[in-house]
Amino acid sequence: MNINLDTLNKKSNLSDNQLLIWITQQSHPCIPLYNSPFLFTFKTKINVNYFKKSFQELLNQHDALRTRIINKDDTPFQEIADKFDHDLEFIDWEHDIEKDTNINSYLQQRAEKVIDIRKSCFDSSLIKIHSDKYIWFFNQHHITTDMWSFSILFKKIMAYYQAFLTGKPESNILTPQYKEYLKYQGKLVSTPRWKQAQKYWLEKEKELKKSHGLHQLRNNETPTSSVRITNSLGEDRSKRLLEISALNEFRSFTKNLTDLSILATIVISYIHRTTDEEKITIALPIHNRISKEQKNTLGLFMDLLPLSLTVDKEDSFLQLFEKVKIEINSFMLNAQACMATPKMHRNYEYILSYNNVTFPDLEDIPYTVKWIHPNAIDSHHVFRIEIHDFFDTGHYLFEFDFNSSLIDKTRQQSAVDQIFRLFDAFLEDYNQPINSVKIISEEEERKLMVFGNAVTTLIPIEDSIIDRFRDMANTYPNRTAVSTEEEKVTYSELNKKSNQIAHYLINTGIKSETVVAVHLARNVNLIASILGILKAGAAYLPLSKIYPKERIKFMIEDVKADYLITSKELENDVDFFSGDKIIIDTLDTTEQTNSLQKILPSQLAFIIYTSGSTGRPKGAMNEHKAVVRLAQVMHDEICEDYKSHLNIAMVAPIVFDISVMQIFTSLLYGHSLFLVPENMRFSGAQLHKFFIDNNIHFSDGTPAHLSLLLDSPKNGSLPTHLNIAGEKLTHNAIENLQNHFNICKTKISNGYGVAECGVISTMFTFPLSRKFKNISSIPIGRPHSKDRIFILSEHNQLQPIGISGELCIGGLGVGRGYVNNINLTKEKFITNPFNKNEKLYKTGDYAKWLEDGTIEYINRKDNQVQIRGYRVELGEIQNQLLKFIKNHHSNTINIGINSAEITVIEDKNNEKYICAYFMSDHLLKTAEIRSFMAKQLPHYMVPTYFIQIEKMPLNFNGKIDYDALPRPDFKKLKRENDYVAPNNEIERLIAEIWQEVFDIKKIGIYDNFFVLGGHSLMAIKIVSRIKEVLDLTVPLLEVFNKPTISDLAILVEKIIKQSLVNEGSV
């Protein structure tokens, strides 16, 4: 949203900064975003009458205190009263026996009371606690004050008070007025120096961007709610800081600038360490008081301007400080009033407010100063750090104001601790690299290592796949091993059939770890061929008919396969193959005995290709031990619970790594493998029927399959256990399943893993009946007993609990790497920084540890997008869309969204739009969904397009095929619906207002505010026009919540009716 303030500037007498504050406050009229409450506690008797007189004198002398903000014709004006008589409230609590309990809560409540700037911009009272203890409470709206002003204000009122006490009134010196500063601003913007500085800041504005890692949480709290944590720098740190600030390497023009540069270095270091961002921006306040008169004027001079720089991977604290120092010098050189822009303010996430203001030493009046936090913060801000030393003690006080909807309670204290650890590291050795510092405590590090199974000695796998399978064939010779629609084979039969294939390959002279491609239908021959290849000491490469021929050709050539097993039916798919082609239908061998090949656990077992970010598929190589470990883990964590033989279904295609899990969990533990026919894999009803007909106990699937199963009969049964993997599993998907199969006792495991590391590495198991609260996605659990998990920063440091990082996998499942791709293997398979004898695989997935030791999957590293300057998490939009529910007209059922996917699309002008695809059992109105989303999300995150589809297109892996989703029609971008004229007088009046504000000749009642290009300034104009035309007040946020004329008219009708009821007219 780009707000152009030119129009307001031409009319309003507010400064640019005041206008920005006013617009934001209008967006949150009930939130004390800009309250600035102070407590001055006097530890002596106060003459109440003299203090009241002093306060009145303060009002008389300073126009900023006599100012109110009024709204005329959509434009705010500050109106200064020539005379403002005010009887300062006096509250006597001396005899209140519960005052010690009540005073703090009273003051906090009063600090959080929104100041009505239309009447006055301050709230104040004098409170008597004891005969020798008084509190002066003074709260002023930020639109007419800043931190420097509070220092002036206190000095002034106490000077007046002491003059009244002594009977020696202050000399009649003309007090500088804020209106003079506003005139000065008007002249300033036409000077060459100001224009040159403006160019500097406009270039800085272009560099602004938001980071990604620190603020993953967005809970149901108010997005402006905030918590303050206060910490003193302490004597030892303060002493060391004083020593360092005196060194030549650090000395700047003033000690304040030196300290600011050091503090900014620490804060930027923290942001870099917790977000992995290199380009970092923080906002710094500039007080803008140049002349002596301005330094003695009450009012809002301060503004926030960006400090942006790049942190290099190898930077030491000193090197970063040098960058900060240079940047701050440029910052100060170009700091001028009226430089801030809406885009700047919108992109600030981290505020460092270094306040070099002090309060006077009143010899005969001991007092303390406390800055109360109104528990509110700008919704864009992640945190704000206020640093001050009000009495020049040499010990800075740090006040951390956290956005509670972006950083949860545990992370707030952790953030403070981590910032001070970085500070301590700097004070100890400022030459050390920033990324070498441990920002987590030893206790948390131990906790993370336990969470990740990193302290356990992993027992090596000593058997191969074939060793385990032969044991099962000997133990259960007559038990069904594999079942398809056409045939069944026992373990004994499957063993003999696979032996035939093994002997054929061995007789051809096949060598150990030779790769054999397999291109067969989903039948017994497929499983027998895989086993036969492994028995011959070779490795298998699965192929599929659903692959284009060129892709199959690439894979075969990439692994340099000299052997290919196929059938007569599929032979033409691989007619290009010139090696040894084995037609399984006509295989001529009678040898069925077990081969004498010794297969080692470390031998290559299979290669599975996955999509590459470059467009070139990459082949992940896995060894026997990874598969044996996978089967053992699945047995221990799932199958063992049932203490019996299981029927295990395989839904996954053979080219998907989950097939490995299903095949060998079955065959290495004596269970029966049921291959789901190809035509049933994408039909929920048929898949469910297959489960019932074959008495399936355990099946794989993706979240998309859970959605498909909703097509089956309601209240039916499901397999005893479903193992879901491949995509993020949402709470909504589970809730839909619970509602559909509400008497089902199924357990679900949400698995996570990658083809490069033996398929599955973590798992979270829960009964389907479990109700989840306050979560959007189901955790992916903990690492298996034979795997290790680390969540690391870009520089391979452990990320703290609650902070997202890259999920890295270690342990016995880690594969060899990629076929013929040494560089990518080196990049992704790294030496474990915590155990040099092990390898780690960097998955490219963001995740974070939860307090209970489970892991929450966040998204791929590349799943964050920028839309019109805003950072947007597509997963968050999806989570909110899945919560949409409306009542059916019968009021007996609820209608919701079963499945949703969010993408970003571009038009021919490279303009990006968010597009939402969704499925529902009923035809839903886009306007209703959009209205719902506008209530849940910031307006810039509400999708431009909502497209309802019958089914989500799936690729052969059972994942969403994004390329197959229908493209929206860009020609209809400005009109989501056909034009619909107003139906009544209220709709007509609102339509006329919209047409005037948007400068569009014809707007229909279902056209959308955001699609038309609406933003905050337009919303303010609409609300103002409605007030002018209909004489009623519509809250500004309702324009966002009800973004069509139709919705807004309904609200207006309700307000009118309620007004009539209140007046007794109806």
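Only the coordinates and a few stated rules stand behind these numbers; no lab work does. Model, not experiment: these values are computed from the prediction. Glycine also receives a Cβ, built like all others from the backbone with ideal geometry; neighbour counts cover every protein chain displayed.
Take 391-401, 20-30 and order them by the average number of nearby Cβ atoms within 10 Å per residue, most first; the result is 20-30, 391-401. Start at zero, step by 10 Å, and the Cα-Cα distances of segment 720-767 spread as 24, 52, 20, 4 percent across the bins.
For segment 491-513, the residues whose amide N sits under 15 Å from a probe point set 7 Å from the Cα of N478 along the beta carbon direction are 491-493. Volume per residue for segment 985-1063 equals 79 cubic angstrom (convex hull of Cα atoms). Pairs with C-alpha atoms separated by more than 26 Å, drawn from the list K598/K643; K689/K747; K535/K826; K497/K553, are K598/K643; K535/K826; K497/K553. Pairs spanning more than 18 Å between alpha-carbon atoms, out of K511/K560; K52/K179; K155/K179; K43/K295: K52/K179; K155/K179; K43/K295.
For the pair L1060 and I895 in one chain, pulling the backbone fully straight at 0.36 nm per residue adds 55.9 nm over the alpha carbon distance. Once the mean of 1/r is taken over each pair of separate Cα atoms and inverted, the chain shows a Kirkwood hydrodynamic radius of 33.2 Å.
Computed extension gain for K912 through Q108, at 0.36 nm per residue and net of the alpha carbon distance, reaches 285.0 nm. In straight-distance terms, cross-link reach from K255 covers every one of the aspartates and glutamates whose alpha-carbon lies under 13 Å from its own, apart from those fewer than eight places away in the same chain; here that gives E243, D392.
Only aspartates and glutamates eight or more places from K313 in sequence, or on another chain, were considered; those with a Cα closer than 12 Å are D276, E277, E278, E794. Hey, what angle do you get for helix 192-207 against the long axis of the chain, alpha-carbon based, 0 to 90 degrees rounded to 10? With both axes taken from Cα atoms, the answer is about 20 degrees. Compare the Cα positions of I127, F51, L165 along the charge dipole of segment 6-177 (+1 at Cβ of Lys, Arg; -1 at Cβ of Asp, Glu; about the Cα centre) and return the one farthest towards the positive end. About the Cα centre, the residue reaching furthest to the positive side is L165. Equivalent-ellipsoid semi-axes for segment 749-857 (Cα gyration tensor, √(5λ), whole Å, largest first): 26, 15, 12. Each helix, a run of at least 4 DSSP H residues, gives -39500 (n - 2.57); summed and divided by the residues of the chain, these come to -10500 deg cm²/dmol at 222 nm. The relative contact order of the chain, computed from alpha carbon pairs under 8 Å that lie at least 6 residues apart in sequence, is 9 percent. Short-range pairs are left out: with C-alpha atoms under 8 Å and at least six residues apart, the relative contact order of segment 473-594 is 27 percent. With each label modelled as a point 7 angstrom along the Cα→C-beta vector, the H922-K72 pair spans 5.2 nm.
When H705, H635 are arranged by Cβ crowding within 10 Å, least crowded first, meaning fewest neighbours, the order is H635, H705. The ratio of the alpha-carbon radius of gyration of segment 287-394 to the globular-protein estimate 2.2 N^0.38 Å is 1.31.
Using the empirical formula 2.2 N^0.38 Å as the baseline, the Cα radius of gyration of segment 505-572 reaches a ratio of 1.06.
Beta bridges from DSSP with both residues in the chain: antiparallel share about 70 percent, rounded to the nearest 5. A DSSP coil position with no more than 16 other Cβ atoms inside 10 Å describes the following trypsin sites (Lys or Arg not before Pro) in segment 723-761: K745.
Percent of Cα pairs in segment 6-177 per distance bin of 5 Å, from zero to the largest separation: 1, 7, 16, 19, 18, 15, 11, 7, 4, 1, 0, 0. Along its principal axes, segment 365-512 has C-alpha extents of 100, 40, 27 angstrom, given from the largest down. Counting neighbouring beta carbons within 10 Å and listing from fewest to most, the residues H345, H272 come out as H345, H272. Subtracting the Cα-Cα distance of N431 and D312 from their residue separation scaled by 0.36 nm leaves 41.4 nm.
When the C-alpha to C-alpha distance is required to be over 24 Å, the pairs from K11/K1021; K625/K745; K323/K839; K53/K156; K786/K861; K1002/K1042 that qualify are K625/K745; K323/K839; K786/K861. Taking a straight line from the alpha carbon of K72, these aspartates and glutamates sit under 13 Å away, with near neighbours fewer than eight places off in the same chain left out: E1028.
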